[in-house]
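To start, the structure under review is shown below, and the notes come after it.
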Amino acid sequence: MLRDAVASWWLLQVRGLLAFAFGACLFFLAGIMQGRFTTTIALVGVFLAFVGYLIASGALFIFGALVSIGTRARFWAGVGAIMLALGLWLFLSDQLTLAWLVWFMIANALGSGMLEIAFSRALKRHREAILLVAAGLASLAVAVVLVIGRDAKASSLVSGLGIYALLYGTVLVLFSLRLRSFRKHMHRPHPA
């Protein structure tokens, strides 16, 4: 499992950078939510940013599963396919409301949190697994906060999601850099 993660460290880094960009976009959009018109435009932007993030993350999961020779490639391809299908469905749907979008974000945070914590358990012998635990717990906490505060002011929800995406992206990038440093050690021949 660790060997597969180390081989695809850059996929985690790209996902982290995507999450960071998504968070920065959310902060910008939350800042322009002043009146009814700008709030509506900003919410369309939030929707498009979330859909873009889902589609890009799903495609990265599928790509990672295709280049991986690990035993869990089918699982990650399935996760990617679900994210990609959800993103495409959201983009093509004409029945979407803000409430639905919040519930989809809750489902994404909940699913991501559980997957990251499960992945960290597979890496439990390595101290870097704590970064995945932190990302997973942050995702689960955001899911709970969104459930509790789903009726809050739109700009508050978007700002909170922006903070989460920035932190989540930072943790993924840090974890990917640690995996990259492992790569150098894994390919060294052992002294005889």
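I'd like to know if the range 1-19 contains one or more residues that are modelled with pLDDT of 85 or more and of a type in the set (Phe, Trp, Tyr). Checked the range 1-19: no residue is modelled with pLDDT of 85 or more and of a type in the set (Phe, Trp, Tyr).
Within the range 36-59, restricting attention to residues that are surrounded by fewer than 21 Cβ atoms within 10 Å (Cβ to Cβ) and within 15 Å of Ala24 (Cα to Cα), the residue that is modelled with the lowest pLDDT is Leu43.
Output the residues belonging to the range 113-152 that are part of a loop (DSSP other than H, G, I, E, B) and of a type in the set (Gly, Ala, Ser).
Gly149, Ala152
Just one of (1) surrounded by fewer than 18 Cβ atoms within 10 Å (Cβ to Cβ); (2) closer than 20 Å to Gly78 by Cβ trips up Ile148, so point out which. The failed condition is (2). Of the residues making up the range 71-82, none is under 29 Å from Lys153 (Cβ atoms) and surrounded by 13 or more Cβ atoms within 10 Å (Cβ to Cβ). From the list Ala143, Ala154, Ala135, the one residue that fits, being modelled with pLDDT under 85, surrounded by 14 or more Cβ atoms within 10 Å (Cβ to Cβ) and more than 30 Å from Phe37 (Cβ to Cβ), is Ala135.
Check Ala65, Ala24 and return the single one that is small (Gly, Ala, Ser), in contact with a Gly (Cβ under 9 Å, 6 or more places away or on another chain), part of a helix (DSSP H, G or I) and over 28 Å from Ala7 (Cα atoms). The unique qualifying residue is Ala24.
Residue pairs whose Cβ atoms lie under 6 Å apart, sitting 6 or more positions apart in sequence or on different chains, and linking a residue in the range 60-86 that is modelled with pLDDT of 85 or more to a partner that is among the hydroxyl-bearing types (Ser, Thr, Tyr) and part of a helix (DSSP H, G or I), are Met83/Ser57.
The values are calculated or read from the model by the stated rules, or taken from the named source; none is laboratory data. Everything numeric here is computed off the predicted structure, so don't read it as measured data. Glycine also receives a Cβ, built like all others from the backbone with ideal geometry; neighbour counts cover every protein chain displayed.
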